[in-house]
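**Q** Below: one structure in structure tokens.
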Amino acid sequence: MAFLRKSLYVCLALGLASLLLTGCWNRRELDDLAIQLGTSIDKIGNQYRVAVQVVIPGEVSVRTSSSGISPVTLYHATAPTVFEAFRKLTETSSRKIYSAHIRVLVLGESLAKEGIGEVLDMFSRNPEARTDFYLMVARNTTAMQVLKTITSLEKIPAENLFYALDTSAKTWAPTTTVSIEKLIEQLVMEGLSPVLTGVKVVGNAERGEELTNIQEIDPAARTRFVGLAVFHKDKLVGWLNEDQSRGYNYIMNNVKSSAGHLKCPKGGLITLETIRSNTHIKADIQGGKPVITVKLKNVSSVSDVECRIDLTKPETIKRLEKEAEERFVELMSSAIKHVKETYGFDIFGFGHQLFQAHPRAWEQRKDKWDEQFEQLEVKYEVDVQIHKIGTTRDSFLNYIKE
């Protein structure tokens, strides 16, 4: 009797436990899905042209890949709304597009000029899509053309765009990465307008679509990141060049590492590598007016000496540090001056810093912040320290016979 009672309790416990197991009620088989890694959106008239780069699993695998076959395929469709265009892709794709693995979203320049808010709304609502993909703006070409350019180091073009931008942003100051979460945050944040990295196709774009493009040492076409796209609210209004983009990223504390050169006293150049960089922006009210102070602390090393200079002398290092500080001020001030004179609105978040530090002062100024930004006083406090000069203390260039 005791044994039957015990068995009954065990069965009852197992039955109750099974109620807690939800199972995979919404599972989908991999064979039923088309894995989307890259997306491009262009504006064609009044409609959206959506293109998705879908991976072909058999061609990505090292063991089963077949020579002469592209590892990805491209599907595209045009419709009045972005979501309709995605669903319309099933007219040519035998599988439903699966967006959980998207790596990059390339926005066409014409679309960006009209506004990207409606496009971002769909991506932000999609519970399936990841949020850590990078956004970029196609420059002087269509977004679909960027996505169609085949690359050599990475089998999948979308993966190449993702890793190339990620690497460039970590080692080269003029580029930066922006995820959809960060972009939406910047769009709704007071006193800040967003920027995105630009990308273009260099070379013969048509040949860039062919597999022969990666069979050459010097491919006929490549994708290249160039400049930062400046947005006012959600509309593209212009671009920053390389030095202006560099200055912007130093102000925004986006720089992890980079390189830049200085002129040597007797001619030639010397290159400094940024090892660490940290920027802090302080907003104050002085004399009834807002004043911004940009504090930059930079740790660098000497990486390349192409001139005759004695690095063993402490005064030489001090002089290089001073010149580097002046160069950073020049980069940041020229970026701010260009934005003030050309666009007349704040892309640096100075207004947001004022809002955080002096909310009452911001409330009095926010409605006319664009006008006040053009007259805004910006001060700079830059500290550069050169910690290393490489494995060679003195350059052999100083001892080459005349």
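**Q** Is it fair to say Ile184 is hydrophobic (A, V, I, L, M, F, W, C), in a strand (DSSP E or B) and surrounded by 15 or more Cβ atoms within 10 Å (Cβ to Cβ)?
**A** no
**Q** Moving on to the next point. When you go through (1) open to solvent by 60 Å² or more (accessible area, probe 1.4 Å); (2) in contact with an Asp or Glu (Cβ under 9 Å, 6 or more places away or on another chain); (3) not β-branched (Val, Ile, Thr) one by one for Arg103, which number turns out not to apply?
**A** So Arg103 meets the others, but not (1).
**Q** Would you say Asp234 is under 30 Å from Lys113 (Cα atoms) and charged (D, E, K, R)?
**A** Yes, satisfied.
**Q** Going through the range 120-141 one residue at a time, which ones are at pLDDT below 95 and within 20 Å of Val54 (Cα to Cα)?
**A** Met122, Phe123, Asn126, Pro127, Glu128, Ala129, Arg130, Thr131, Asp132, Phe133
**Q** Would you say Glu242 is open to solvent by 70 Å² or more (accessible area, probe 1.4 Å), at pLDDT 95 or above and out of contact with any strand residue (DSSP E or B) (no Cβ under 6 Å at 6 or more places or on another chain)?
**A** Judged against the criteria, Glu242 is a match.
**Q** Can you work out which of the residues in the range 147-179 that are without any contact (Cβ under 8 Å) to a residue 40 or more places away in the chain and assigned to a loop (DSSP other than H, G, I, E, B) is surrounded by the most Cβ atoms within 10 Å (Cβ to Cβ)?
**A** By that ranking, first place goes to Glu154.
**Q** Kindly indicate whether any position in the range 22-39 is of a type in the set (Gly, Ala, Ser), at pLDDT 95 or above and either open to solvent by 50 Å² or more (accessible area, probe 1.4 Å) or not in a loop (DSSP other than H, G, I, E, B) (or both).
**A** no
**Q** Same structure, new question: Could you list, in sequence order, all residues of the range 201-224 that are part of a helix (DSSP H, G or I) and open to solvent by less than 20 Å² (accessible area, probe 1.4 Å)?
**A** If the condition is that a residue be part of a helix (DSSP H, G or I) and open to solvent by less than 20 Å² (accessible area, probe 1.4 Å), then Gly208, Asn213 are the ones that fit.
**Q** Which condition from (1) assigned to a helix (DSSP H, G or I); (2) touching a Lys or Arg at 6+ places or on another chain (Cβ under 8 Å) is the one that Gly198 breaks?
**A** For Gly198, the exception is condition (1).
The values are calculated or read from the model by the stated rules, or taken from the named source; none is laboratory data. Bear in mind that the values here come from a model prediction, so they are computed numbers and not experimental data. When we count neighbours, we look across all protein chains shown, and the Cβ atoms used for this are built from the backbone with ideal geometry, even at glycine. To get the accessible areas, we keep the full protein, side chains included, count just its heavy atoms, and leave off ligands, DNA and RNA. Shrake-Rupley method; radii C 1.70, N 1.55, O 1.52, S 1.80 Å.
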